[in-house]
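As C-alpha cells, the structure follows; a few thoughts come after it.
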Amino acid sequence: MTVASADNSLPVSVVTALYLRTKALHVEAERTGIIRDLLRGEASREGYVLLLRNLLPAYQAMEQGLERHRGSEGLAALAGFRFDRAPAIEADLAGLCGHRWERDIPLLSAGDIYARRIAKAAEGDGIRLIAHAYTRYLGDLSGGQILQRLLTRSLKLKPTELTFYDFPRFYDLEALKADFRQALDAAGALASDPQAVVEEGAIAFSLNIDLSCAVQALLSSRTITATAAE
C-alpha cells in the first residue's frame, strides 16, 4: 500500500511521504541544540560524547525491534541489512571516555523517552520501525558522513573514535543508500497503515530535536555553574 499525496490524486512512496512530512523538521533539527553546534564545528568533545551516549538506547531499541521482526514479510528486508550501529556507538564511547562511560556519562530523560518510543513502535507488527530506520539510518548514510569529516577536523577525533559512521561491510555508500531506500519503500508498501508510518517519522524527528536541545541545555547549565563557582 502506498501513501496518498497531499491532493489525494497520486500515491507516493513511503520514503517520499516521509521526506515531505519531515522536511521542515529536518531543517529545524539542523538549526537546533547540539546538532547545530556540531554542524558549525563549534561543539565540544563533551557535547558530542553526551549526544552519542543518549542516542545509544534508541539504536539498541531499534535494532532489537528489527531483529525481533526479521521473520516478518514487512521488515525482513530492513532487518537483513544488519547495520549494527549500537555496538559501534559503544566502541566509540569506550574509545572516547574509557570503559566506565556507562557510569560516567548521564542518560538524559530525552534519551530515555526516545528509546521508549522506538520500543513502542516495535510492538505489534513493528511496521512503525520503518520511520525510525528512515530517520536514523538514512541520516547516518547521508548527513552522518558529513558529520564524520567535521568531527575529524573540529574535535580532532581519530578513526577509531568515529566507527559509528563507518559501514565496513559495504563498499559503495551511494549504492547502499539507494538499496536501503528501496527496502524502506518495499516495507512501506506492505504496511496496513502507511500514514501511521509517516506520522511516526514526524515524531522521530521531534524526539531527535528534543534530545539535541536537552544535551545543549545540560552543557549550558554546567558552563553557568562553573562560571558561578569561579
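The values are calculated or read from the model by the stated rules, or taken from the named source; none is laboratory data. Quick caveat, the model's predicted, so the values are computed rather than measured. In this analysis, Cβ positions are derived from the backbone assuming ideal geometry, glycine residues included, and neighbour counts consider all displayed protein chains.
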query: In segment 100-142, which residues are at pLDDT below 95 and among the polar types (S, T, N, Q)?
result: Ser142
message: For segment 105-123, which positions are closer than 12 Å to Glu200 by Cβ and either crowded, with 22+ Cβ neighbours inside 10 Å or in contact (Cβ under 8 Å) with a residue 12 or more places away in the chain (or both)?
response: Arg117, Ile118, Ala121, Ala122
query: With Gly143, Gly126, Gly201 as the choices, which residue is surrounded by 15 or more Cβ atoms within 10 Å (Cβ to Cβ) and either of a type in the set (A, V, I, L, M, F, W, C) or closer than 20 Å to Glu73 by Cβ (or both)?
result: Gly126
Residue satisfying condition, being modelled with pLDDT of 95 or more, hydrophobic (A, V, I, L, M, F, W, C), within 13 Å of the chain's Cα centre (by Cα) and surrounded by 12 or more Cβ atoms within 10 Å (Cβ to Cβ), within set Leu211, Leu218: Leu211
message: Which condition from (1) surrounded by fewer than 16 Cβ atoms within 10 Å (Cβ to Cβ); (2) within 22 Å of Val27 (Cα to Cα); (3) of a type outside the set (D, E, K, R) is the one that Thr152 breaks?
response: (2)
- request: Looking only at segment 190-202, count how many residues are within 22 Å of Arg82 (Cβ to Cβ) and out of contact with any helix residue (DSSP H, G or I) (no Cβ under 6 Å at 6 or more places or on another chain).
  value: 1
